[in-house]
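Below is one structure, written out as structure tokens, with a few remarks after it.
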Amino acid sequence: MIKKIRFFSQLSFFLFSIILLIGWVPNQHVHDFFRSLHFFPTLNYLAKFIFPTFFYITILVFIAPLFIGRIYCSYLCPVGFIQDIAFKIIKSKKVTKGFSSLCFFISNFILISSLLLIFTSSNYQGIFDHFTNFVRLFSLTLAAGVVGFIFIFLFISCLLIAPLFSPRFFCQSLCPSGALYRILNQHSSLDIIAANSCNRCGICETQCPTLCIQDGVIAKEACITCFECLESCPQKAFDIRYKSPWKNNKSLVNKEKKRRDFFKTSLLIMSGILVFFTVKKTSSANLIKTNLVIPPGAKSLKNFYSSCTGCNLCLTVCPTKVLKSGATQNGISGINKPYLDFNESYCSFECNACLNICPTGALSHSELARKQVIKIGESKIDEISCIPYKHKRICGSCAEHCPTGAIQMVSIDNVLAPKVNMNFCIGCGICQKVCPTNPKSIQVIPLTIHTYAYSPKNNMPKQQQISDEDFPF
Amino acid sequence: METSRRTLLKWSLLLTGYLFTRPIKKIFANTSITKYPDLIAIKDGSPSQMFDVGIAALGGMQRFVKTGQSVLVKPNIGWNRTPGEGANTQPDLVGKIIEHCKAAGASRVVVFDNTCNEMGACYENSGIKKAVEKAGGIMLSSNDEKYYVEKDIPGGKILKKAKVHKAFLESDVIINVPTLKHHSSTKMTASLKNFMGVIWDRQFWHKHGLNQSIADFPLLRNADLTVIDAYLVMTKNGPRGITTDDVVLKKMQLISTDAVLADTAACKILNLEPKEVVYLKIAEDFKLGSTDIKNSNIKKIYMNKKA
């Protein structure tokens, strides 16, 4: 029965997330709810002292493992679901103890660096966190470049091939959320302990989805508290015991083990801090100059790269498909993070979809009217190749498309030629997209720190040009 | 005077003959005998009301659309803007024209525009998609190169070849429904300029000579009927417009079979001289129509004449 409930609950959450991420539910609150169930995207908000909607759900999800164990991992997580299915088909053998402790060390290291790197200008948690990776499966399938493809390929092989040598390999050794929940679960108030009626028949060992039981003892660091062993035991020997959280069972404490654990923890923290300072030192150098335009709402390149995990959810909602997933153009910290490619398309003036859907707060939510004055770049005309300047012939493709009236046609040598008024230009890039010359005579120069343009309503008042007569002919 | 049987017979035959000719006369009265005005200008009504009155003065839609023919209605849906902002054709006018075409027996009425902004948003927010579907027309997609076929343009000076939307080539009747706007480069956009929305590569026109290309394109095929929507006229910052300050409620409509004549009248509304709008002169030289508005037969109609 527990097995069936677990399967059904995993399946329904899996389907829910697929429906959500394919884009059938454009409701922002549903997306916010989905995001709030995940710790790491929400942590990006908290690092900037912003309290997002459904924040209390994240708190609940965070403290729940202390009382009921890793319920999220075992009953909801769609990534865990895929691995469980793969494991059922492949069925690996027993995991060696050395291998699994190495796995735990790696994932602890990933966790501590993910937590610390939020405060630098590069965010690498998206490489390992399950939320970002799972979203990327949907958002990048159509638009993946080489780098995006490598990431998707590695993630899928972790899910489908790794169960050959270890069940839930991804959760146990890479996923920082998994590591966080594991640490909480190790200190939880809930213990599953075999009573004396256990006769070491070993049935639970084969039935356990993480293979964490040996001789009737559950290794708590690998257990995902799915409660399937309660059911699989023919003697019904397993029992749930409660204690207050963070209080160790005295009889299990071993002085030798305690000392080893202390060294491990201090080694982890030291290496985490080392990584933090290395990244802080190296990544800031990349942010001085960039040739990529980053989406509106990012505020600045530093702010954007410190929060964006590269899930590319914004790519799925962009109506003009101007957002592209970055490769290494902006260094390693720019991997998988979106930028705007104005040679292909432009940023729609009447749209703020990416700002509203961003799950990490890298693009801060804004009203449409506010987004319309965010300046992400400035257009610059190359007067040597521009058609009205070069050939003395009207063109005006850029001016007719400009949504803010920043580009005005002025008479130069009796030919109407475009001029950009920087006060109104927001860098939406439609001028660059529609420019007929090759290479483009008008190009958007990106801004590393976004500012605000004047509202187009303040644009210069021009004479109304209309006849007063009823029939002027 | 004696009335013989012969005279009576003669007179009665003549009378019956005369009575028979009257219905025939009536039929001819609607086709060849009456001369229709070159241009109908209507003022002070809603876009659909003005079209009702205007098309009746031009002989009804039956004159242009015969039973079983397919019709292309080509409005301006270039921008992702609402009807009140005057950047696109008024949706109720497009709906009304489709209703008239359907009533005249059109087998299929299609509507499309190669939009400047994203197509789906333009179709939706301009209100035209809703109006077209309500009236029984079909909205066609235009955002992929596969819908366009390459065509030679006979006599084109710059535009010798263009990729034209299939529906433009396949439809029997073409009704051009532009909206009158200021334009940053060509000074005015109305019927001739509106044909930029049926070709794929608009940037080619900009690159190689906009005015000449605008005049070149109708050599391939000109509109059978032009309806210029001047209900809301964009008087500056065109063709997109920035705020609603740019538009003026002019409440006018121009209907003509001559696109160049309609454009000439339209530029007068914008206080422009026909020679300022360069492509009109070129189009007249190509014999696409006449800019001679003084010697044209114009019928001016007031919907609600103020007392």
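The values are calculated or read from the model by the stated rules, or taken from the named source; none is laboratory data. These numbers come from a predicted model, not from an experiment. Note that each Cβ is placed from the backbone with ideal geometry, even for glycine, and that neighbours are counted across all protein chains shown.
Per this entry, A:I161 is not counted among residues that are under 27 Å from A:T282 (Cβ atoms) and not hydroxyl-bearing (S, T, Y). When A:L313, A:L301, A:L340, A:L287 are checked against the criterion of being more than 14 Å from chain B (Cβ to nearest Cβ), modelled with pLDDT under 90 and more than 21 Å from A:L46 (Cα to Cα), a single residue qualifies: A:L287.
Quick check on the stretch A:185-223: of everything there that is touching a Pro at 6+ places or on another chain (Cβ under 7 Å) and either among the β-branched types (V, I, T) or free of Cβ contacts under 8 Å to residues at least 12 places away in the same chain (or both), which residue is farthest from A:F104 (Cα to Cα)? Once the filter is applied, the top-ranked residue is A:I203.
For the residues B:V173, B:V164, B:V149, the requirement of being surrounded by 21 or more Cβ atoms within 10 Å (Cβ to Cβ), over 18 Å from A:S397 (Cα atoms) and not polar (S, T, N, Q) singles out B:V164.
The set of residues from the stretch A:403-440 being of a type outside the set (V, I, T) and within 7 Å of another protein chain (Cβ to nearest Cβ) comprises A:P403, A:G405, A:M409, A:L416, A:P436. A:D468 passes every criterion in (1) assigned to a loop (DSSP other than H, G, I, E, B); (2) over 42 Å from the mean Cα position of the chain (by Cα); (3) within 8 Å of chain B (Cβ to nearest Cβ) apart from (3).
If you go through the stretch B:70-78 one residue at a time, do you hit one that is within 14 Å of another protein chain (Cβ to nearest Cβ), of a type outside the set (V, I, T), surrounded by fewer than 20 Cβ atoms within 10 Å (Cβ to Cβ) and more than 21 Å from B:T244 (Cβ to Cβ)? Checked the stretch B:70-78: no residue is within 14 Å of another protein chain (Cβ to nearest Cβ), of a type outside the set (V, I, T), surrounded by fewer than 20 Cβ atoms within 10 Å (Cβ to Cβ) and more than 21 Å from B:T244 (Cβ to Cβ). Only one entry in A:F16, A:F8 is assigned to a helix (DSSP H, G or I), surrounded by fewer than 13 Cβ atoms within 10 Å (Cβ to Cβ) and aromatic (F, W, Y), namely A:F8. Within the stretch A:49-97, the set of residues being over 22 Å from the mean Cα position of the chain (by Cα), surrounded by fewer than 20 Cβ atoms within 10 Å (Cβ to Cβ) and among the aromatic types (F, W, Y) comprises just one member, A:F67. Within the stretch B:156-169, is even one residue in contact with a helix residue (DSSP H, G or I) (Cβ under 9 Å, 6 or more places away or on another chain), under 17 Å from B:N76 (Cβ atoms) and facing chain A (nearest Cβ under 10 Å)? Within the stretch B:156-169, none of the residues are in contact with a helix residue (DSSP H, G or I) (Cβ under 9 Å, 6 or more places away or on another chain), under 17 Å from B:N76 (Cβ atoms) and facing chain A (nearest Cβ under 10 Å).
Conditions tested, residue by residue: (1) more than 8 Å from chain A (Cβ to nearest Cβ); (2) in a helix (DSSP H, G or I); (3) over 21 Å from the mean Cα position of the chain (by Cα).
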position: B:K207; (1), (2), (3): no, yes, yes
position: B:D229; (1), (2), (3): yes, no, no
position: B:P239; (1), (2), (3): no, no, no
position: B:I242; (1), (2), (3): no, no, yes
position: B:I255; (1), (2), (3): yes, no, no
position: B:P274; (1), (2), (3): yes, no, no
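Contact annotation: residue pairs with Cβ atoms under 8 Å, 6 or more positions apart or on different chains, pairing a residue in the stretch B:211-226 that is away from every other protein chain (no Cβ under 14 Å) with a partner that is of a type in the set (S, T, Y) and buried (at least 21 other Cβ atoms within 10 Å of the Cβ), are B:A223/B:S191; B:L225/B:S256; B:T226/B:S191; B:T226/B:S256.
Conditions (1) closer than 30 Å to A:F131 by Cβ; (2) in a loop (DSSP other than H, G, I, E, B); (3) touching a helix residue (DSSP H, G or I) at 6+ places or on another chain (Cβ under 9 Å), marked per residue:
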residue: A:P319; (1), (2), (3): yes, yes, yes
residue: A:N343; (1), (2), (3): no, yes, yes
residue: A:K390; (1), (2), (3): no, no, no
residue: A:A399; (1), (2), (3): no, no, yes
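Within the stretch A:452-463, one or more residues are more than 9 Å from every other protein chain (Cβ to nearest Cβ) and crowded, with 17+ Cβ neighbours inside 10 Å.
For every residue, the table says whether it meets (1) touching a residue at least 40 places away in the same chain (Cβ under 8 Å); (2) surrounded by 17 or more Cβ atoms within 10 Å (Cβ to Cβ).
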site	(1), (2)
B:A259	yes, yes
B:L270	yes, yes
B:L280	yes, yes
B:E284	no, yes
B:L288	yes, yes
B:N295	no, no
B:K299	yes, no
B:M303	yes, no
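Take B:N143 and tell me if it is touching a strand residue (DSSP E or B) at 6+ places or on another chain (Cβ under 8 Å), within 14 Å of chain A (Cβ to nearest Cβ), of a type outside the set (V, I, T) and assigned to a loop (DSSP other than H, G, I, E, B). When the stated conditions are applied, B:N143 does not pass them.
The residues listed here are A:T42, A:T53; of these, the one that is more than 30 Å from A:I161 (Cβ to Cβ), in a helix (DSSP H, G or I) and of a type in the set (V, I, T) is A:T42. Counting only residues that are touching a His at 6+ places or on another chain (Cβ under 7 Å), at pLDDT 90 or above and not hydrophobic (A, V, I, L, M, F, W, C), the stretch A:425-473 holds 1 of them. The lone criterion from (1) within 17 Å of A:T210 (Cβ to Cβ); (2) over 16 Å from the mean Cα position of the chain (by Cα); (3) not aromatic (F, W, Y) left unmet by A:S177 is number (2). When A:L368 is tested against the conditions (1) under 30 Å from A:K302 (Cβ atoms); (2) in contact (Cβ under 8 Å) with a residue 40 or more places away in the chain; (3) surrounded by fewer than 22 Cβ atoms within 10 Å (Cβ to Cβ), the lone failure is (2).
Take the conditions (1) modelled with pLDDT of 90 or more; (2) in contact with a Pro (Cβ under 8 Å, 6 or more places away or on another chain); (3) of a type in the set (A, V, I, L, M, F, W, C); A:A369 misses just one of them, which is (2). Considering the conditions (1) out of contact with any Leu (no Cβ under 7 Å at 6 or more places or on another chain); (2) among the aromatic types (F, W, Y); (3) surrounded by 17 or more Cβ atoms within 10 Å (Cβ to Cβ), A:F138 is excluded by exactly one of them, (1).
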